[in-house]
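The values are calculated or read from the model by the stated rules, or taken from the named source; none is laboratory data. Worth saying up front: this structure is predicted, and the values here are computed from it rather than measured. Positions of Cβ are backbone-derived with ideal geometry, glycine not excepted, and every protein chain shown enters the neighbour counts.
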Amino acid sequence: MPTTMKKTLSATDIVLVGALLAAGAVLRVFCPPIFGITPNFVICMYVLAILIVRPSLAQALGIGIVAAAICHFTTKSMIPYINFISEPVGAVVTYFLVRGLSGLNRGRITFKPFIVTLLGTMASGLTYVSILKFAVLFVATAKNPAFLGLLTVILTTALANAVIAQLIYEPIMAALGKKTTSVKEAGK
């Protein structure tokens with residue numbers, strides 16, 4: 001995997017981003033709630049897309065905006081417009097994590113997909129809940145127990161997305177014929 005970000009995305013990169021976002025949308029729409037929580041698989045997929053194609057900051061922001069549009073139409077939230085802030089924030093955080101984190105390997109396995117997806121999902125979710133809190137939901141009562149419930153949803157979704165990303169990262173990289181950083185380092 002290259003250590004620098006790309007100035008332009010190839011057609012293959014664009015198709016991969018589109019396919020991952022589409023898969024996230026389908027999973028989000030058709031996955032039944034798990035203990036009352038519908039995971040946001042779109043976040044998982046845009047984080048994976050940023051991990052794999054290594055876009056520029058502007059391109060990562062664009063991926064976040066496209067993900068927001070997808071989330072807007074697949075959400076069960078009462079205020080879907082907040083996605084247009086939370087998903088770009090998640091994508092930008094992911095961009096910086098992909099650039100900044102290294103040494104997350106244990107032998108031939110990289111844990112970067114897990115860590116980056118966990119933190120990217122949390123950034124998106126915490127942004128969403130913070131805006132929701134200040135916009136409407138918690139105006140009347142400062143200690144509304146729904147806030148703790150929403151934090152539980154964020155953490156649960158972040159963990160689920162991180163596990164999924166970790167499990168499918170290597171197979172996607174292999175299917176694309178790309179070697180991961182951990183494989184390159186293990187061969188040295």
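May I ask you to say which residue of PRO32, PRO113, PRO88, PRO39 is in contact with a helix residue (DSSP H, G or I) (Cβ under 6 Å, 6 or more places away or on another chain) and part of a loop (DSSP other than H, G, I, E, B)? Just a single option satisfies the conditions, and that option is PRO39. Condition first: closer than 21 Å to LEU150 by Cα and touching a Lys or Arg at 6+ places or on another chain (Cβ under 6 Å). Can you find one or more residues in the stretch 67-83 that meet it? Yes, the stretch 67-83 contains a residue that is closer than 21 Å to LEU150 by Cα and touching a Lys or Arg at 6+ places or on another chain (Cβ under 6 Å).
In the stretch 74-85, the qualifying residues are those that are assigned to a helix (DSSP H, G or I) and in contact (Cβ under 8 Å) with a residue 12 or more places away in the chain, and the one that is farthest from PHE30 (Cα to Cα) is ILE85. Scanning the stretch 131-144 turns up one or more residues that are in a helix (DSSP H, G or I) and modelled with pLDDT under 70. Can you find a residue in the stretch 48-56 that is surrounded by 13 or more Cβ atoms within 10 Å (Cβ to Cβ) and over 15 Å from the mean Cα position of the chain (by Cα)? Yes, the stretch 48-56 contains a residue that is surrounded by 13 or more Cβ atoms within 10 Å (Cβ to Cβ) and over 15 Å from the mean Cα position of the chain (by Cα).
Filtered by the rule that a residue be assigned to a strand (DSSP E or B) and not β-branched (Val, Ile, Thr), the stretch 100-110 gives ASN105, ARG106.
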